[in-house]
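Structure first, then comments.
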Amino acid sequence: MAKGPSFTCTACGAVHRKWAGKCDACGAWNSIVEESPLTAGPKALGARGKGIELTDLATQEAPPPRAPSGMDELDRVLGGGLVPASAILVGGDPGIGKSTLLLQAAASFARTGLKCLYISGEEAAAQVRMRAQRLGLTDAPVALGAETNLRDILTTLDKERPALAIIDSIQTMWLDNVESAPGSVSQVRAAAHELVNFAKKRGVAIIIVGHVTKEGNIAGPRVVEHMVDTVLYFEGERGHQFRILRAVKNRFGPADEIGVFEMTGDGLQQVANPSALFLSDRDKPAPGSAVFAGIEGTRPVLTEIQALVAPSPLGTPRRTVVGLDSGRLSTILAVLEARCAIPFAGLDVFLNVAGGMRVNEPAADLAVAAALLSAREDVAIPPEMVLFGEISLSGALRPVSQTENRLKEAAKLGFTQAIAPSRSKLGSAEGMRVRQMPDLTAFVGEIFGAG
Ligand code: TYD
Ligand code: MG
């Protein structure tokens, strides 16, 4: 092992021999910080270890019993409830509502009879109590602590043996055998390591809160993500009241599942029917709007895609995207130009997913293209129509998964028409008139005349 200080990139966790302005491993600038080694360093390799016990794959293991919190949106994202002795990281921007969510979750778990501890390193106990009062949670039997010294916290947990401990946040925790400041890479890494180990050894489920940096990494390197069983992100656009809890990693359930909440004056309210909510403030049918029938995890979610296309005064026209990958927009614009001869050169393009939702599915391509074309041609898409389908570089429409679920959700919300790729497995799409199209050219011809 290296003696003396080492230098670690806070963005990717790569370790360097000396300081540099740019990390060779991930290309981030100004991300390398000096780290002093752990005082209790690992023994030199080659020291004799003891043999480990081996088993075979056929060993019968019961599926982990789960404790549901009673908050359906949270339970769904966890894969059906809390798994005992699991370690969960909840990441999100400062101020997005992590502490609010977890205080509500703690109260909810405690009311089901689970022994629950909430440790805040960011707020004084009185502040947390005030928040609890505002949220109407004071009757829930949650044990509350305000502490940042992890050694004291672990001793307390060992004595109390709760079923669930919530640590808010990992950036405020510090270990006295690590020499750097709280929030530094080595403190965050060491503290997370101690907590995860404790969870496994003592059978206590631990939820760790972590603030996310501007670039979207959990501050302190991503190593925390690798250590835990489950990583949830709490996200939302500032200025929108919707909050989405998204599973990005889950050893005990499907990833990519979402839970939808609304931030109100009395805390976070669960949103059982997100489609209705995302479409609720739809304007009257106007050019540039298309409704995408999407799937988030196991649940169909309808969202409105809005586009605005206007002549650009600039040499390089603007491409502004909210809620969607900007590379995807460039690809769709290029396909429209190359395969359908519809140029966007000299035009500013603004694209937006309404309601602060983020769409990652390639199935949204067709709805994006439809919104763009509709804005450019100034022709409104029929308001009772939903669209979905992936666009390939050749301009062909590729079928996507769960067509039947998408159509059912659309029908439930009063839509009567759908555009889907050819060869989609429609299932029983009652009440929907589905038109299947082989490629983008056919779509343009059908909806916008000759194109
Ligand atoms: P908080 O949970 O403290 O965020 P985090 O822990 O992620 O930093 O949430 C803070 C924001 O939430 C704050 O701007 C106020 C808002 N809020 C409400 O709108 N309603 C509420 O009932 C509460 C408790 C907070
Ligand atoms: Mg907080």
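The values are calculated or read from the model by the stated rules, or taken from the named source; none is laboratory data. Quantities reported herein were computed from a predicted structural model and do not represent experimental measurements. No Cβ is skipped: glycine too gets one built from the backbone with ideal geometry, and neighbour counts run over all protein chains shown.
The residues listed here are 301, 291, 248; of these, the one that is away from ligand 1 (no atom under 16 Å from the Cβ), free of Cβ contacts under 8 Å to residues at least 60 places away in the same chain and among the hydrophobic types (A, V, I, L, M, F, W, C) is 248.
Exactly one residue out of 96, 153, 119 is of a type outside the set (Asp, Glu) and assigned to a loop (DSSP other than H, G, I, E, B): that is 96. The criterion of at least 3 residues that are among the small types (Gly, Ala, Ser) and surrounded by 22 or more Cβ atoms within 10 Å (Cβ to Cβ) is met, among strands (runs of 3 or more DSSP E) falling completely within the stretch 227-304, by 289-296.
Only a single criterion out of (1) over 23 Å from residue 432 (Cβ atoms); (2) modelled with pLDDT of 90 or more; (3) not assigned by TED's automatic domain parsing to the domain that holds residue 133 is not satisfied by residue 249, namely (3).
The residues in the stretch 107-122 that are over 15 Å from residue 146 (Cα atoms) and either within 13 Å of ligand 2 (Cβ to nearest atom) or of a type in the set (Phe, Trp, Tyr) (or both) can be counted, and the count is 1. Considered as a group, the residues in the stretch 367-385 that are outside any helix (DSSP H, G or I) and among the β-branched types (Val, Ile, Thr) include one that is farthest from residue 348 (Cα to Cα), and that residue is 381. All of (1) touching a strand residue (DSSP E or B) at 6+ places or on another chain (Cβ under 7 Å); (2) more than 13 Å from ligand 2 (Cβ to nearest atom); (3) at pLDDT below 95; (4) assigned by TED's automatic domain parsing to the domain that holds residue 142 hold for residue 66 with one exception: (4). Set side by side, the residues 397, 393, 413 differ, and just one is more than 26 Å from residue 334 (Cα to Cα), touching a helix residue (DSSP H, G or I) at 6+ places or on another chain (Cβ under 7 Å) and of a type outside the set (D, E, K, R), which is 413. Within the stretch 321-334, not a single residue is more than 26 Å from residue 414 (Cβ to Cβ), of a type in the set (Asp, Glu) and not in a loop (DSSP other than H, G, I, E, B). Apart from one condition, residue 324 fits all of (1) surrounded by 17 or more Cβ atoms within 10 Å (Cβ to Cβ); (2) farther than 25 Å from residue 89 by Cα; the exception is (2).
Residue by residue, here is whether (1) under 24 Å from residue 287 (Cβ atoms); (2) of a type in the set (A, V, I, L, M); (3) surrounded by 22 or more Cβ atoms within 10 Å (Cβ to Cβ) holds:
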residue: 338; (1), (2), (3): yes, yes, no
residue: 372; (1), (2), (3): yes, yes, yes
residue: 394; (1), (2), (3): no, no, no
residue: 403; (1), (2), (3): no, no, yes
residue: 426; (1), (2), (3): no, yes, no
residue: 434; (1), (2), (3): yes, yes, no
residue: 449; (1), (2), (3): yes, no, no
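For residue 80, the stated conditions do not hold, so it cannot be described as at positive phi and either outside the structural domain of residue 251 (by TED's automatic domain parsing) or within 16 Å of ligand 1 (Cβ to nearest atom) (or both). Among the residues making up the stretch 103-122, those that are crowded, with 23+ Cβ neighbours inside 10 Å, over 19 Å from residue 191 (Cα atoms) and within 16 Å of ligand 1 (Cβ to nearest atom) are 103, 104, 105, 106, 107. Looking across the stretch 123-150, the residues that are within 14 Å of ligand 1 (Cβ to nearest atom), part of a helix (DSSP H, G or I) and either touching a Pro at 6+ places or on another chain (Cβ under 8 Å) or aliphatic (A, V, I, L, M) (or both) come down to 128, 130, 132, 135. Against the definition (within 15 Å of ligand 1 (Cβ to nearest atom) and farther than 21 Å from residue 191 by Cβ), how does residue 91 come out, yes or no? For residue 91, the condition - within 15 Å of ligand 1 (Cβ to nearest atom) and farther than 21 Å from residue 191 by Cβ - is not met. Would the stretch 159-166 turn up any residue that is within 14 Å of ligand 1 (Cβ to nearest atom), at pLDDT 95 or above and surrounded by 14 or more Cβ atoms within 10 Å (Cβ to Cβ)? Within the stretch 159-166, one or more residues are within 14 Å of ligand 1 (Cβ to nearest atom), at pLDDT 95 or above and surrounded by 14 or more Cβ atoms within 10 Å (Cβ to Cβ).
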